[in-house]
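*Asks:* Could you have a look at this structure, given as structure tokens, before my questions?
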2 protein chains.
Amino acid sequence: MTSEEFRRHGRQVVDWIADYLAGIEAHPVRSQVQPGAVRAALPAHPPERGEGFDGVLADLDRVVLPGITHWQHPSFFAYFPANASGPAILGDLLSSGLGVQGMLWATSPACTELETVVVDWLAELLGLPEHFRTDTAGGGVIQDSASSATLLAILAGLHRVSGGEVANGGITGRHTLYVSTQTHSAVAKAARIVGVGAENVRTVGVDEKTLGMDPAELDRAIAEDRAAGAVPVMVCATVGTTSTAAVDPVRAIGEVCRRHGVWLHVDAAYAGVAAVCPELRWLNDGVPEYVDSYATNPHKWLLTNFDCTVLWVADRAPLTGALAITPEFLRNAATASGAVVDYRDWQISLGRRFRALKLWAVLRWYGAEGLREHIRTGVAQATELARWVAEDPDFELHEPQHLGLVCLRPRWPDHNGDRGAADDATLRLMEHLNASGALYLTHTKVSGRVVLRMALGGTGTEQRHVRAAWETIRDTYRNMARSKKSAR
Amino acid sequence: MTSEEFRRHGRQVVDWIADYLAGIEAHPVRSQVQPGAVRAALPAHPPERGEGFDGVLADLDRVVLPGITHWQHPSFFAYFPANASGPAILGDLLSSGLGVQGMLWATSPACTELETVVVDWLAELLGLPEHFRTDTAGGGVIQDSASSATLLAILAGLHRVSGGEVANGGITGRHTLYVSTQTHSAVAKAARIVGVGAENVRTVGVDEKTLGMDPAELDRAIAEDRAAGAVPVMVCATVGTTSTAAVDPVRAIGEVCRRHGVWLHVDAAYAGVAAVCPELRWLNDGVPEYVDSYATNPHKWLLTNFDCTVLWVADRAPLTGALAITPEFLRNAATASGAVVDYRDWQISLGRRFRALKLWAVLRWYGAEGLREHIRTGVAQATELARWVAEDPDFELHEPQHLGLVCLRPRWPDHNGDRGAADDATLRLMEHLNASGALYLTHTKVSGRVVLRMALGGTGTEQRHVRAAWETIRDTYRNMARSKKSAR
């Protein structure tokens, strides 16, 4: 593609995206295609001859868009937000245009050094401790996802507890990890990957009300496992769980971890970025004193396109110790000098993109003020929705309600006493709502009961979208409740 | 950022990239900054108030570009090519604009189904076996890197050999992996990550001439390890090694693997894409009959921006068996039906970008014809350079020379008999060349001797760039050789 063709098609694509985002509300939020439909609409074989770019854009409209669930739709309330934003999209575009590899400092110094700057900026914005800064023995790094961050935290923990033996000799004997009933499945997946095994992930109970991990039970579990000959490696505490945005008591958990010499990782994938607001810094309680590693996702609620997870460690040595290998073809003077960071030793893969550009563009475009405003808007929307839910006799609000997530349950009078039937009705309500295309939400289970989740904080979500969604939920519920009665 | 601001800044960025790529030869190939220089030129603290996008672009020129090693420079011959191209950049831009998550089929069906189409297209273009297609029990998936593909192959191998026990109970007992002296360090890194341990990676010798793995030695090593009570898990054969693009004898290795029931992974990260040319399909010899998993990187030599590794498996069950966990919040009707692919179970992380768009754009823009022409251009450039090297009495060509990589060594008459001094002189020559900014190349060691590597096949590399590079190398060598003599 020549330079002039690139300019022309580049403008087409920029316009396509601007039009797409400006007109996104015309689409059903959740894709309505059946399995196989997108594939069936595409040629079975690749083209022999090259085609113009117009065909790609035409098929994007014709074939791809119907198969898209629109995460940027302002009425997308499922999972957690996946904030895209103009500056992030353009930062990523710059990264693609430069096309550099950041595996070593030497392979493009700016790729590494800009990353050290933006992760330090973000640590400052979130009020995280000085020892997470890259000009200390700790440091931060951008990962693709919180799953990878969790995996890396386990590897660092294994390295530290084994004095490096796991890296050389592999896992020998039983090693244990600690989560609560509310922890993300990424820990179980990582346990499979690192050779610890899913059954050595010990699940600790939670406080019935807060859904926070019970530190006393954690303490007992670690002591029991150690007495039985296992090696306790890591506790994963969560700040903002996936189900209900519950917050584990990091300080109390940290005291347990310190007593037992166990690595403490905080998965703040969703909620960590909220600490840009000083009034939400309580989320970090105990982090400065006790936490070995901490991850949060600007790609969820901080206006930065996926993928952008930031992982910080209080001490980089166990992380890089677990991962650093230098074959001949990667040897270079800068690495040998010890004066530079080689981020390949902070991640699973060797190759890496210049992801710092998008976070840099976001932090500069919005500034601290703009980021706080964005978080506060999501929190305010959630607070208002939670009030509507709490005041409606047909619905029950899950409390405590945290940050931008509202969990709710319709009351089904017909099913009093039959929880399974009520849960089924709730899932049918969700399916009705999602199939309508008017909004999209997901569910979880809390104490065995189905609960609907509405995650606010989308880049384009305004109060009117939340209001409309709530009215649709209420109306759909009433229609279902009425038709069920009449059917009896 | 409003829609109109996005249009405006989007055009600025597109123009910036077009100008950058058009004027890239004005930059020194390798960045000339010292450690810390980029960081020192940026503010110590994040901005309190948002800034315009123009500041980002200004700092890109002022601060970032001097710290960039220009992988897209036509005189970049280091490592392997990292081909960017217009359609790939724009495909990635579309992915950023859509901002969807492809973790489940249900979270955006087109993201998954377009990926199944393009990996099947690519398998067809490369002449890979039918059982790698996604409409069979096998299938393909886009990963971030060949490192991840290697890691996943080991996990699938562990799953198969243990009947799923490793996923549940973790690694128990000694498990072994097999590489040659030429295999990429990704296997050793993955061995640390999966809990097998680096010392359980057995290094098998190679044929002195071809540098291909010795199947007889592999056979003995596996038998010995098994006799000693270890569990042989996986052999990694390489099609196009990082040092010299050597090709392991996959067929003979495959026979050994089959006899021992060991997983065979082929790391064709660099060379696999060359099989778009029928005359290079010998690279795939033995792949259809023997290979369990196979990875190649369109992001190296097939015009597709990083990250885009394609991993195929002959049987998806051990891979997804190793990784699949379904917490409540991810349950959905499509997954439960079994009719769809959920790619989160084919990778380490949960979240995933819509990377298929860029590969789709590339395959359509270039077509099979254009891709073949690109590969043939790189091969022709390498063949011509190799001839120049071979015909020059001051240089020695490493043979066999494969594909787009040329390995060469200057002869240093002064150092006859002192190999260490000659190697040092070769490294000094490389440093002179790289410091000049005129070209960039890297080194490796073959049979203990330093060898310079020149990887052709850059998106913008033409014959004149190769010619100029070769002349610079010769002239610099002669100046060094002359000044050394006169210094005596």
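*Asks:* Going by what's in this entry, would A:Gly367 be described as under 26 Å from the mean Cα position of the chain (by Cα) and either within 14 Å of chain B (Cβ to nearest Cβ) or of a type in the set (Phe, Trp, Tyr) (or both)?
*Replies:* Details: under 26 Å from the mean Cα position of the chain (by Cα): yes; either within 14 Å of chain B (Cβ to nearest Cβ) or of a type in the set (Phe, Trp, Tyr) (or both): yes.
Judged against the criteria, A:Gly367 is a match.
*Asks:* What's the number of the only condition in (1) under 19 Å from the mean Cα position of the chain (by Cα); (2) polar (S, T, N, Q); (3) closer than 30 Å to A:Arg226 by Cβ that A:Ser145 fails to meet?
*Replies:* (3)
Condition check ((1) of a type in the set (Asp, Glu); (2) on the phi < 0 side of the Ramachandran plot; (3) in contact with a Lys or Arg (Cβ under 8 Å, 6 or more places away or on another chain)) across all residues:
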position: A:Asp120; (1), (2), (3): yes, yes, yes
position: A:Ala123; (1), (2), (3): no, yes, yes
position: A:Gly127; (1), (2), (3): no, no, yes
position: A:His131; (1), (2), (3): no, yes, no
position: A:Asp135; (1), (2), (3): yes, yes, no
position: A:Gly138; (1), (2), (3): no, yes, yes
position: A:Val141; (1), (2), (3): no, yes, no
position: A:Ala149; (1), (2), (3): no, yes, no
position: A:Leu155; (1), (2), (3): no, yes, yes
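*Asks:* Here's something else I'd like to know. Only residues that are within 12 Å of chain A (Cβ to nearest Cβ) and without any contact (Cβ under 8 Å) to a residue 12 or more places away in the chain: list them for the range B:148-171, please.
*Replies:* Within the range B:148-171, the first condition is being within 12 Å of chain A (Cβ to nearest Cβ), and the residues that meet it are B:148-152, B:154-156, B:158-159, B:162, B:164-171.
Residues satisfying the conditions are B:Glu165, B:Asn168, B:Gly169.
*Asks:* Let me ask something else. Could you pull out the residue among B:Gly139, B:Gly91 that is out of contact with any helix residue (DSSP H, G or I) (no Cβ under 6 Å at 6 or more places or on another chain) and farther than 27 Å from B:Glu224 by Cβ? It would help to see each step written out before you state the result.
*Replies:* Numbers: B:Gly91 fails: out of contact with any helix residue (DSSP H, G or I) (no Cβ under 6 Å at 6 or more places or on another chain).
Only one candidate qualifies: B:Gly139.
*Asks:* Additional query: Can you tell me which residues in the range B:100-117 are facing another protein chain (nearest Cβ under 8 Å) and either of a type in the set (A, V, I, L, M) or within 13 Å of B:Ala356 (Cα to Cα) (or both)?
*Replies:* Residues of the range B:100-117 facing another protein chain (nearest Cβ under 8 Å): B:100-101, B:105-111, B:113-114, B:116-117.
Once the filter is applied, which keeps residues that are facing another protein chain (nearest Cβ under 8 Å) and either of a type in the set (A, V, I, L, M) or within 13 Å of B:Ala356 (Cα to Cα) (or both), the range B:100-117 yields B:Val100, B:Gln101, B:Ala106, B:Ser108, B:Pro109, B:Ala110, B:Cys111, B:Glu113, B:Leu114, B:Thr116, B:Val117.
*Asks:* Among what's in the range A:400-442 and is out of contact with any helix residue (DSSP H, G or I) (no Cβ under 9 Å at 6 or more places or on another chain) and aliphatic (A, V, I, L, M), pick the residue that is surrounded by the most Cβ atoms within 10 Å (Cβ to Cβ).
*Replies:* Among those that are out of contact with any helix residue (DSSP H, G or I) (no Cβ under 9 Å at 6 or more places or on another chain) and aliphatic (A, V, I, L, M), it is A:Met430.
*Asks:* Considering only residues of the range B:390-399 that are outside any loop (DSSP other than H, G, I, E, B) and free of Cβ contacts under 8 Å to residues at least 60 places away in the same chain, which is surrounded by the most Cβ atoms within 10 Å (Cβ to Cβ)?
*Replies:* Ranking the qualifying residues of the range B:390-399, first place goes to B:Leu397.
*Asks:* Kindly list the number of the only condition in (1) touching a Gly at 6+ places or on another chain (Cβ under 6 Å); (2) without any contact (Cβ under 8 Å) to a residue 12 or more places away in the chain that fails for A:Arg387.
*Replies:* Answer for A:Arg387: the failing condition is (1).
*Asks:* Go through (1) farther than 18 Å from B:Leu104 by Cβ; (2) within 11 Å of chain A (Cβ to nearest Cβ); (3) of a type in the set (Gly, Ala, Ser) for B:Ala314 and report which single condition fails.
*Replies:* Going through (1) farther than 18 Å from B:Leu104 by Cβ; (2) within 11 Å of chain A (Cβ to nearest Cβ); (3) of a type in the set (Gly, Ala, Ser) one by one, B:Ala314 breaks only (2).
*Asks:* Out of all the residues in the range B:70-85, is one or more over 18 Å from the mean Cα position of the chain (by Cα) and either at the interface with chain A (Cβ under 7 Å from one of its Cβ atoms) or under 25 Å from B:Glu115 (Cβ atoms) (or both)?
*Replies:* Checking the range B:70-85: not a single residue is over 18 Å from the mean Cα position of the chain (by Cα) and either at the interface with chain A (Cβ under 7 Å from one of its Cβ atoms) or under 25 Å from B:Glu115 (Cβ atoms) (or both).
*Asks:* Is it true that A:Ala356 is small (Gly, Ala, Ser), facing chain B (nearest Cβ under 10 Å) and surrounded by 19 or more Cβ atoms within 10 Å (Cβ to Cβ)? First the steps, then the outcome.
*Replies:* Numbers: small (Gly, Ala, Ser): yes; facing chain B (nearest Cβ under 10 Å): yes; surrounded by 19 or more Cβ atoms within 10 Å (Cβ to Cβ): yes.
When the stated conditions are applied, A:Ala356 passes them.
*Asks:* Within the range B:118-147, can you find the residues that are facing chain A (nearest Cβ under 9 Å), crowded, with 24+ Cβ neighbours inside 10 Å and of a type in the set (A, V, I, L, M)?
*Replies:* B:Val118, B:Leu122, B:Ala146
*Asks:* Looking at the structure I just gave you, is A:Leu42 hydrophobic (A, V, I, L, M, F, W, C), modelled with pLDDT of 95 or more and under 30 Å from B:Val340 (Cβ atoms)? Before the answer, list the steps.
*Replies:* Values: hydrophobic (A, V, I, L, M, F, W, C): yes; modelled with pLDDT of 95 or more: yes; under 30 Å from B:Val340 (Cβ atoms): yes.
For A:Leu42, the condition - hydrophobic (A, V, I, L, M, F, W, C), modelled with pLDDT of 95 or more and under 30 Å from B:Val340 (Cβ atoms) - is met.
*Asks:* Let me ask something additional. Would you confirm, using the coordinates I've provided, whether A:Leu323 is at the interface with chain B (Cβ under 9 Å from one of its Cβ atoms) and not polar (S, T, N, Q)? Quick ask: steps written out before the conclusion?
*Replies:* Values: at the interface with chain B (Cβ under 9 Å from one of its Cβ atoms): yes; not polar (S, T, N, Q): yes.
In short, yes.
*Asks:* Hey, another quick one. Of the conditions (1) outside the structural domain of B:Tyr79 (by TED's automatic domain parsing); (2) modelled with pLDDT of 95 or more, B:Ile24 clears all except one; give me its number.
*Replies:* With respect to (1) outside the structural domain of B:Tyr79 (by TED's automatic domain parsing); (2) modelled with pLDDT of 95 or more, B:Ile24 is out only on (1).
*Asks:* Return the pair list, or none, for Cβ contacts closer than 6 Å from residues in the range B:274-285 that are over 18 Å from B:Gly457 (Cα atoms) to residues that are among the β-branched types (Val, Ile, Thr), at least 6 apart or on different chains.
*Replies:* As it stands, the answer is none, since no pair meets every condition given.
*Asks:* Considering only the range A:316-348, how many residues are of a type outside the set (A, V, I, L, M, F, W, C) and in a helix (DSSP H, G or I)? Write out each step before concluding.
*Replies:* The initial filter retains those residues of the range A:316-348 that are of a type outside the set (A, V, I, L, M, F, W, C), namely A:316, A:318, A:320-321, A:326-328, A:331-332, A:335, A:337-338, A:342-345, A:347.
Remaining after also requiring in a helix (DSSP H, G or I): A:318, A:320-321, A:328, A:335, A:337, A:343-345.
Summing the residues that are of a type outside the set (A, V, I, L, M, F, W, C) and in a helix (DSSP H, G or I) in the range A:316-348 gives 9.
*Asks:* Go through the range A:148-230 and tell me which helices (runs of 4 or more DSSP H), entirely inside it, have 3 or more residues that are surrounded by 18 or more Cβ atoms within 10 Å (Cβ to Cβ).
*Replies:* Details: elements: A:165-169, A:186-193, A:215-227.
Correct list: A:186-193, A:215-227.
Residues checked against (1) more than 25 Å from B:Gly195 (Cα to Cα); (2) modelled with pLDDT under 95; (3) surrounded by fewer than 19 Cβ atoms within 10 Å (Cβ to Cβ); (4) under 20 Å from the mean Cα position of the chain (by Cα):
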{"residue": "B:Thr244", "(1), (2), (3), (4)": "yes, no, no, yes"}
{"residue": "B:Gly286", "(1), (2), (3), (4)": "yes, no, no, no"}
{"residue": "B:Ser293", "(1), (2), (3), (4)": "no, no, no, yes"}
{"residue": "B:Lys300", "(1), (2), (3), (4)": "yes, no, no, yes"}
{"residue": "B:Thr304", "(1), (2), (3), (4)": "yes, no, no, yes"}
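*Asks:* Could you tell me which of the residues A:Thr107, A:Thr112 is crowded, with 24+ Cβ neighbours inside 10 Å, over 30 Å from A:Met234 (Cα atoms) and among the β-branched types (Val, Ile, Thr)?
*Replies:* Details: A:Thr112 fails: over 30 Å from A:Met234 (Cα atoms).
Just a single option satisfies the conditions, and that option is A:Thr107.
*Asks:* Scan the range A:1-34 residue by residue and report those that are out of contact with any Ser or Thr (no Cβ under 7 Å at 6 or more places or on another chain), facing chain B (nearest Cβ under 7 Å) and not polar (S, T, N, Q).
*Replies:* Of everything in the range A:1-34, those that are out of contact with any Ser or Thr (no Cβ under 7 Å at 6 or more places or on another chain), facing chain B (nearest Cβ under 7 Å) and not polar (S, T, N, Q) turn out to be A:Glu5, A:Phe6, A:Arg7, A:His9, A:Gly10, A:Arg11, A:Val13, A:Val14, A:Asp15, A:Ile17, A:Tyr20, A:Val33.
The values are calculated or read from the model by the stated rules, or taken from the named source; none is laboratory data. Small disclaimer: the values here were computed from a predicted structure and weren't measured. Don't worry about glycine lacking a Cβ; one is built from the backbone with ideal geometry, like all the others, and counts go over all protein chains shown.
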